[in-house]
1. Using DSSP to define loop residues, name the trypsin sites (Lys or Arg not before Pro) in segment 145-219 whose beta-carbon has at most 15 other beta-carbon atoms within 10 Å.
2. Expressed as a whole percent, how much of the Cα-Cα distance distribution for segment 33-167 exceeds 28 Å?
3. Once you have the Kirkwood Rh of segment 169-251 from its Cα pairs, apply Stokes-Einstein at 37 °C and 0.692 mPa s and quote D in µm²/s.
4. So how compact is segment 125-219: Cα radius of gyration and Dmax in angstrom?
5. Describe numerically, in nm with one decimal, the distance between label points set 7 Å from Cα along Cα→Cβ at K99 and at V144.
6. What dipole magnitude, in Debye to the nearest 20, does segment 89-159 give about its Cα centre under +1 on Lys/Arg Cβ and -1 on Asp/Glu Cβ?
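Since every read-out is calculated from the coordinates, none of them should be taken as a lab result. All figures in this text were calculated on a predicted structure; none of them were measured in a lab. Cβ placement follows ideal geometry from the backbone for every residue including glycine, while neighbour counts extend to all protein chains displayed.
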Amino acid sequence: MFKIRIFLIFLTLIFLHSCSKEVEKVKLIKETSQNDEMISAYNKGMNFLDTGDYFAAGKKFLEVEVLMPQSQWASKSVLMASYSYYLQDYYSLAIENLKRYFKTYPKDKNMAYAHYLLAMCYYETIEGEKKDLAPLVLSKKELVLIIENFPDTDYAYDARYKIDLINDILAAKEVYIGRHYIKKKKWIPALNRFKNVLNNYETTDHVEEAIHRLVEIYYILGMEKESLKYASLLGYNYNSGEWYKETYKIFNKEYNVSVPKRKKEKSKILSKIKSLF
C-alpha cells in the first residue's frame, strides 16, 4: 500500500511538471502573439500617418497601448496618437491623451516633447485678441515649464519664440480692451490696460500704440503735463513711427488710428516625433 502511494505521488509530480511546461508554453505563445499584434498595429499606424489618414493612425497607435500596456512602446504610442490627432486638428482628443500620458507615464524620457505638443495643441486654438484667451494662457504655462525644466532642448529654444508671440497677443488683448474703454469713456480702466502693456509686454509691437493712447487719454482728461510726459517717451523711442505722428495730431485735435495684424505659424518642430520613435 505504501509503494502504491509513493507511485501515485511520483505520477502526480510528473503530471504537474508537465502541466507547468504546457502553461509556460501557452503563455509564451500568447505573449509572442500579442507582441506580433502590437508590432503590426504600430506599423499600420505609421503607414496611416505617412498617407495622411491621421485619425486612423491615432486609433492604431492607441491599440498598441491596449495590447502591451506595460511595454516601452505604450508611452510612445500614446504620444504618436496625440501627434496624429494634432495633425488632424483634433486638439481636444490630443489634449485628452496627453493628460492621460502625464498621469500614466510620469517618468517617461519623452516628457519634454509631450509638454511641447500639449503647448502647441493649446496654441493652435488661439483665434486672436477678441476671443477667449484661456488656451493661450495654458499654452504659455506649458512653454514656461519647458524652458525651466528642459532648457537645453530644441523645444526650449522654440518655446522662447512662441512665448514672444503669445505675449504679443496678450498685449493686443490689453490694447483691444483699452480701446473699448475709451469708446465707453471709462478713462481709468483704459489707463490701467495701456499701462499694463508698458509694464508687462514692453518688448511687443503694441507698446507704441499703448503710449500713444496714454497721451490721448491724459489730454482728454486735461492732464496736459502727463500727456506731454508720455508724448516725450513716445518721441524718444519711436520718433519715426506712425503712432508718434498720431500723437502730434492729438494736440491739433485731429487723429485717426490704424491697427496692424500679425499672423501665427504652425509649429514644425513637432515633426521630430518620427525620429524619436
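1. For trypsin sites (Lys or Arg not before Pro) across segment 145-219 that sit outside H, G, I, E and B with at most 15 neighbouring Cβ atoms in 10 Å, the list reads K184, K185, K186.
2. 20 percent
3. For the chosen part, D equals 266 µm²/s.
4. Here Rg and the maximum Cα pair distance are 15.1, 49 Å.
5. Taking the simple label geometry, K99 and V144 are separated by 2.0 nm.
6. Result for segment 89-159 is approximately 360 debye, rounded to the nearest 20.
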